[in-house]
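The values are calculated or read from the model by the stated rules, or taken from the named source; none is laboratory data. Model, not experiment: these values are computed from the prediction. FYI the Cβ positions are ideal-geometry reconstructions off the backbone, even for glycines, and counts take in every protein chain you see.
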Amino acid sequence: MPKGKTPADSLAGQLLVAMPQMADARFERSVIYLCAHSAEGALGLVINRPFRKLSFADLLEQLEIERGPDARPISVLAGGPVEEGRGFVLHSDDYLRDDTLKVEGGFALTATIEILKAMARGDGPARSILALGYSGWGPGQLEREITENGWLNVPADPNLVFDAALDTKWERALAKLRVTPASLSGAAGRA
């Protein structure tokens, strides 16, 4: 672990909120749920961008998974620019299997076809979103981007994370910090 970094410094289970001046258009006005964060890097899912090319029903059809009458509607999101063909289900921790990553605050992440089958039957997790692709950072990269004023972080709120109103998540995440986009400066401060 880098000098001065402890497990308590991990941002896993938090939301990253893009600053208004985010230079990378792929992350402009993004809200990212950070699933893992350690000295080796970080992995997160964008939770406010719809994946317009495919619905959950379309995905089930492609995978030849029968949708049962109790299946709930699931949002399919564009989780990030890495491995866009790979699916990740961010969900409530009431559904835990051997290959589920439990994250702080009642969240979990599962990336298997078994969870999709359970969701299609209607007996998967109580709350979930499906993301295709993910956002990833190498060692020290996320910390550098935060220092360079690219991201803010805020504790994750399940109601915000799982809410289907994607177009207002960025503003609502900023509001949790009691800031507005107009009040944020693009200049990084130095003490």
Inset, instruction - Evaluate the following for R172: is it outside any strand (DSSP E or B) and basic (K, R)? - result: yes
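Taking the residues in region 155-169 that are touching a helix residue (DSSP H, G or I) at 6+ places or on another chain (Cβ under 9 Å) and surrounded by fewer than 17 Cβ atoms within 10 Å (Cβ to Cβ) as candidates, determine which candidate is farthest from F107 (Cα to Cα).
From region 155-169, those touching a helix residue (DSSP H, G or I) at 6+ places or on another chain (Cβ under 9 Å) are 155-158, 160-161, 163, 165, 169; that's our starting set.
Now restrict to residues that are surrounded by fewer than 17 Cβ atoms within 10 Å (Cβ to Cβ): 155, 157-158, 165.
Details: P155: 12, D157: 10, P158: 8, A165: 19 Å.
In this case the residue turns out to be A165.
Checking the condition under 13 Å from the mean Cα position of the chain (by Cα), in contact (Cβ under 8 Å) with a residue 24 or more places away in the chain and surrounded by fewer than 20 Cβ atoms within 10 Å (Cβ to Cβ), which residue from A42, A12, A36 passes? If you could, list the steps in order and put the result at the bottom.
Numbers: A42 fails: surrounded by fewer than 20 Cβ atoms within 10 Å (Cβ to Cβ); A12 fails: surrounded by fewer than 20 Cβ atoms within 10 Å (Cβ to Cβ).
Criteria check complete, one pass: A36.
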Inset, instruction - Read through the list (1) farther than 28 Å from D9 by Cα; (2) within 14 Å of the chain's Cα centre (by Cα); (3) loosely packed, with under 13 Cβ neighbours inside 10 Å, then give the number of the only condition that A126 fails. - result: (2)
Inset, instruction - Using the structure shown, decide if E104 is of a type in the set (D, E, K, R), without any contact (Cβ under 8 Å) to a residue 60 or more places away in the chain and out of contact with any helix residue (DSSP H, G or I) (no Cβ under 9 Å at 6 or more places or on another chain). - result: no
Legend entry - Every residue from region 8-29 that is small (G, A, S) and under 11 Å from G150 (Cα atoms): A18, A23
Inset, instruction - Spot the failing condition for S55; the list is (1) surrounded by 14 or more Cβ atoms within 10 Å (Cβ to Cβ); (2) in contact (Cβ under 8 Å) with a residue 60 or more places away in the chain; (3) among the polar types (S, T, N, Q), and only one is missed. - result: (2)
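Among the residues of region 103-139 satisfying the criterion of being in a helix (DSSP H, G or I) and closer than 23 Å to A39 by Cβ, which is modelled with the lowest pLDDT? Step through it out loud before you land on a result.
Of the residues in region 103-139, the ones in a helix (DSSP H, G or I) are 104-106, 113-121.
Next cut, closer than 23 Å to A39 by Cβ only: 104-105.
Values: E104: 85, G105: 89.
My answer is E104.
Within region 62-71, is even one residue within 19 Å of L160 (Cα to Cα) and either surrounded by fewer than 19 Cβ atoms within 10 Å (Cβ to Cβ) or touching a residue at least 24 places away in the same chain (Cβ under 8 Å) (or both)?
no
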